[in-house]
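Below is one structure; the comments refer to it alone.
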Amino acid sequence: MEHERALADLLGWQRIEGYLPQELWVQVLAGIGMLALLVWFASWITSSVLSSLVRRILKVAGKDEWARALVKRRFVRHVGYAVPLLVVASNLALLPLSPAILQPVARLFLMAFCVFVIMAIVSLLGAWQDVYANSSRGRTKSIKGYIEVAKIGVWAIGFIVMTSILLDQSPVLLLSGLGALSAVLLLVFKDTLLSLVASTQMSSNDMLRIGDWIEMKQANADGFVIDIALHTVKVQNWDKTVTTIPTYKLFSESYRNWRQMFESGGRRIKRTLSIDASSVRFLTPEEVGNLSRFALLRDYLEQKQREIEASNQELGRAGMDAVNYRRLTNLGTFRAYCMAYIKRHPEVHQDMIQMVRMMEPTADGIPVEVYCFTSKTAWVDHERIQGDIFDHFLSILPEMGLRLFQSPTGRDLSLGLSLAAESHRPALGQSDSFKS
């Protein structure tokens, strides 16, 4: 086992060994002392020299975030534990004991070395994830799912290597035996495989990012994505609760992603005003002249007046009765006013569709729908702009001779009954004449 004490011989152990007594206990104590010296030397090299060298190299290369991430994930500490264990396992020949004793001890140290090597690799992957998450790209796309798969793979390979060391068998034999357990492994890791496929597809197709506003009714999720992992996606709802959704459900089921709305720069307004049908009528010439004082209606009224006059002259020459003549309506004029208003509104997106349309009349009045997009997508700004627009439209209705439809309330019914009672109450003098 001379080849297993190369580091000790490099430090001059052969020269020291010649001066030691030949008693067994002296040789064992000397071997343990030399092992302790080797462990201290390896720990010093790893934790002090190597760690300082790595930090300086990263600092010179402009990778300070990597240095902070490695310290946070305790990468150097795990390496500092692994190297001394390897040194002990490779220099156990310093102890003058039989191979039957040294080999099991060496296997235990090698297994411990494998554990810390795995933990160091996992720490390195965790540091990579931290550095990526703090980058500009990491704020939208997450690699947490891939990192978790890599960690599972590292632990699986490490478990196979440690088992082969413990059984003193080749890892190839253990891997060949896993073929018979493939069905069981597929069943155990079913959710992991589904989540891995879903994460890969969502990342390659750019279906979901951190910070996206999604709405998934079947999961009661409506808010911003705050974390994308291998198995779960966390959504912070508007009420500050957090909904956890399995990753594969976001690939196999439908949901709404509002990211494109934010990227487009416009947020939709789609709201209706229910107009009382009994208030819709033709405008008189005096009312048309009065409405001409509105700057937003002046061009519309002049154009419509010319069209109507030309059309009515044709009807008059054809001997048609005046009842067939075209006239302006207050509802059509109101729609024209709304359209002109949103076209000139400074906070309405002028490059997106704008429309004011009358929909099918219902028992609740005649719906007039305003359809446009605000130039600001933030929720608070959008609601403010929408509120300002409809405040103005509601206030301008009486100018057009229109009324908003509103179902009667208890107060309306009470006033109606009171007026009816007043109209049927006999006068005081009339009741005295009946008595006489």
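Quick look at the values:
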{"read-out": "Which numbered condition residue 141 misses (of (1) touching a residue at least 24 places away in the same chain (Cβ under 8 Å); (2) closer than 27 Å to residue 197 by Cα; (3) in a helix (DSSP H, G or I))", "value": "(3)"}
{"read-out": "Flag if residue 371 is of a type in the set (Ser, Thr, Tyr), within 29 Å of residue 238 (Cβ to Cβ) and touching a residue at least 60 places away in the same chain (Cβ under 8 Å)", "value": "yes"}
{"read-out": "The stretch 358-391: number of residues that are closer than 17 Å to residue 403 by Cα, in contact with a helix residue (DSSP H, G or I) (Cβ under 8 Å, 6 or more places away or on another chain) and not β-branched (Val, Ile, Thr)", "value": "3"}
{"read-out": "Scope the stretch 300-320; condition free of Cβ contacts under 8 Å to residues at least 24 places away in the same chain and touching a helix residue (DSSP H, G or I) at 6+ places or on another chain (Cβ under 9 Å); matching residues", "value": "305, 312, 315, 316, 320"}
{"read-out": "Filtered residues of the stretch 362-392 (kept if assigned to a strand (DSSP E or B) and of a type in the set (Gly, Ala, Ser))", "value": "365"}
{"read-out": "Residue 68 vs. criteria in a helix (DSSP H, G or I), at pLDDT below 80 and among the charged types (D, E, K, R)", "value": "no"}
{"read-out": "From the options 357, 335, residue that is modelled with pLDDT of 90 or more, of a type in the set (D, E, K, R) and in a helix (DSSP H, G or I)", "value": "335"}
{"read-out": "Filtered residue count, the stretch 366-404, keeping only those that are among the hydroxyl-bearing types (Ser, Thr, Tyr) and surrounded by fewer than 17 Cβ atoms within 10 Å (Cβ to Cβ)", "value": "2"}
{"read-out": "Count of residues meeting criterion [in contact (Cβ under 8 Å) with a residue 24 or more places away in the chain, part of a strand (DSSP E or B) and more than 14 Å from residue 141 (Cα to Cα)] in the stretch 233-247", "value": "3"}
{"read-out": "Members of the stretch 242-287 that are aliphatic (A, V, I, L, M) and closer than 19 Å to residue 224 by Cβ", "value": "242, 245, 250, 261"}
{"read-out": "Single residue of 415, 404 found to be on the phi < 0 side of the Ramachandran plot and outside the structural domain of residue 342 (by TED's automatic domain parsing)", "value": "415"}
{"read-out": "Residues that are farther than 25 Å from residue 397 by Cβ and either surrounded by 15 or more Cβ atoms within 10 Å (Cβ to Cβ) or more than 24 Å from the chain's Cα centre (by Cα) (or both), drawn from the stretch 263-277", "value": "266, 267"}
{"read-out": "Test: residue in the stretch 286-296 that is of a type in the set (Phe, Trp, Tyr), at negative phi and not in a helix (DSSP H, G or I)", "value": "yes"}
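Each row is one residue, and each column tells you yes or no for (1) assigned to a helix (DSSP H, G or I); (2) within 20 Å of residue 195 (Cβ to Cβ); (3) over 19 Å from the mean Cα position of the chain (by Cα); (4) modelled with pLDDT of 80 or more.
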| position | (1), (2), (3), (4) |
| --- | --- |
| 116 | yes, no, yes, yes |
| 120 | yes, no, yes, yes |
| 123 | yes, no, yes, yes |
| 126 | yes, yes, yes, yes |
| 131 | yes, no, yes, yes |
| 149 | yes, yes, yes, no |
| 153 | yes, yes, yes, yes |
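The values are calculated or read from the model by the stated rules, or taken from the named source; none is laboratory data. Just so we're clear, the structure is a prediction, and the values are computed from it rather than from any experiment. Here Cβ is always computed from backbone atoms with ideal geometry, including for glycine, and neighbour counts include all displayed protein chains.
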